[in-house]
Every structure is written in C-alpha cells, then in structure tokens.
Amino acid sequence: MNGLVLGVRSDRSTPEAVALASVLARSLDSDVQIVTVVSESWSPRRRAADAPAVQSGEQPTGHPADAVLQAAAQSLEADVQVSTLVLRSSRSAAATLTDHVEQSGADLLVVGSSTGSDGRLSIGSTTSALLHRCAVPLAVAPDGYDPPPGTPLRRVSVGVSGSSGQQAALDTGVAWARTAKATLRLVTVLVRDVAMAIPLAGYDAEAVVDAQWRADLAALQDELCAGVPDDVTVETAIVEGTSWACALDALDADDGEVLVIGSSPSGVLRRVFLGTHSGKIVRNAGMPVVVVPAAEEG
C-alpha cells in the first residue's frame, strides 16, 4: 500500500477512526499520515502559506488542533508507523482531505462516524462530501468501534449483488485479503418488507420466487469465487432481515473485519456515487465500511 491517510477532527479526538487506522495499517503494511483541517480564518500567516505540513516530532505550531494531532499519533498502536502530522486551514475539510490524498499518493482514507449512533455508522456533512469526492477507497469506522489492541484484519467481506460497482470492490477485497492473509467473504444482503409478508399470489408462489432468487445469488457468488486466486481463502454468505440494520447484524462481524462495497459510476470522474443499496449499507452497518470508487467511464 502506498499510504494511509487518517482524517481526524480538529476539535476533539476521533478514537474510532484511530482504531480502524491501526487495524488497517498493521495488516496492509502501511504507514499513517494524520491530517486535520481547521477553519481558514484561524491564522492569516498560515493561510498565506497554505498551512504547510508539520512533520512528526517537530514543535507544535501553537494552534489547539496540534494537541488533537499529537493525541491521535500517540493513540495509534506502537507497531503502527506515523510518517507525518498535517494541519491545514480551509473552508472545506472534505476538499482539503481529498486534495491531500491525491497530492501524497496515498491509496486509502480513514475517517470516523458522528457520535451517538448506537454502534453504527453515522454520516455527517464532511463524510457525506467525502463519499462523493474521494477518488480512493474511503474507510469509515462506526460509532464506538473499539477492537482489542493488536487486532489484525482477519476477514474482508465484500458486498456482491451484480451491481456495476461490484468489480472494483471485489478487486480491493482480494488485494487486501491477500496482503493481510485474511479470509475473503462474498456477502449478499437481502431485506424483506414486513408489509409484503402475505403475497397476493400466495405463499407457495412466494416460496418458488424466493428459492429461485437465492439460487441465482448463489450462482453469482460461485462464479465470483471461481475467479479468486488460489492463495486467498474465500467463503460466502447470504443474509436477510426485515431492515437493513437487522440484515447487516446477521453478518456477525468479527472485530478484525471490514465490509467493502462498490459505488456506481458517476460520469467521467472517478468519484463515489452511492446507489440505493450502497447508501443504505453505509448508514446501517455496525462494522467498518470501505466504499470503493467506481472505475472511470469512457
């Protein structure tokens, strides 16, 4: 991996994002660049200088956000290498983070959720903007994410359903599983509407449709498994529930697990555009989710 950028808030600690960065950096053999963005108006001198990077180990610049950067660096586990601490000033945290990712050549951005989401992902304004701007995989840690110290990436689940963004997610999942020596799991999530529990055609017809649906999904998963390299251990799962939260909970995630999903193409730019299902997964998952941008069209 060319590098991992950890985006942290400038006004408070972001322990979930720090914990996820530790798991991923450890398992994917990457160092960590820690970046925070403060209001553009905080210092005319630094604004004129475009808030140059503060290298790890140098003296603080005097802004309160320096303490947040230092705390994040100290909170990363001892076996994780911090290469750079970066404080930028800007009106847009999302734009500045994505610009830094591009300029640094990093190929992963890690952020946390908003608080108070009961162990699930909560997408605030900055993360929402990142989901539509980021040209590299974006990993989001759920509220309360706190794996035991030293946790490696043990399983990489990839959401598959035949969507257009599936291949990019699968490619990322295979690469990560290979590097981390983790298990690859191909996952399909089904959500059933309780209001449709009594079908007009009767239960026998519903059972036939359900059996065919599952057979088609199993065939898709088998086809994808056949393309996975022999040195990657692969398994499959089809889970369901009456809501996205219930269905995703049925995955029974491991502490060292992430769910990788693809996006849909959004024109000529390689940016994330969440489809209906991807967006619901991001907002209901109880494990870290990695959103992989769709390949460029044309």
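No lab work stands behind these numbers, since they all come straight from the coordinates. These figures come from a predicted structure and were not determined experimentally. A quick note on method: Cβ atoms are made from the backbone with ideal geometry, for glycine too, and the neighbour counts reach across all protein chains shown.
Couple of notes before you dig in:
- Residue-count net charge about residue 225 - beta-carbon cut-off 12 Å; Lys, Arg +1, Asp, Glu -1: -3
- Cα-projected label distance for residue 219 with residue 39, points at 7 Å along beta-carbon direction, nm: 6.0
- From phi via Karplus (6.51, -1.76, 1.60), per-residue ³J(HN,Hα) for region 98-113 in Hz, x at Gly/Pro: 5, 5, 5, 4, 5, 5, 7, x, 5, 10, 7, 10, 10, 9, x, 8
- Averaging Cα coordinates gives a centre for region 86-154 and one for region 12-28; these two points are 10 Å apart.
- Under 9 Å, Cβ to Cβ, from residue 241 - net charge with Lys/Arg +1 and Asp/Glu -1: -1
- Counting neighbouring Cβ atoms within 10 Å and putting the fewest first, the residues 10, 122 line up as 122, 10.
- When peptides 240-252, 136-148, 22-34 are sorted by average Cβ neighbour count within 10 Å, with the highest value leading, the order is 22-34, 136-148, 240-252.
- Contour excess over end-to-end distance, with Cα ends at residue 230 and residue 70 and 0.36 nm allotted per residue: 53.4 nm
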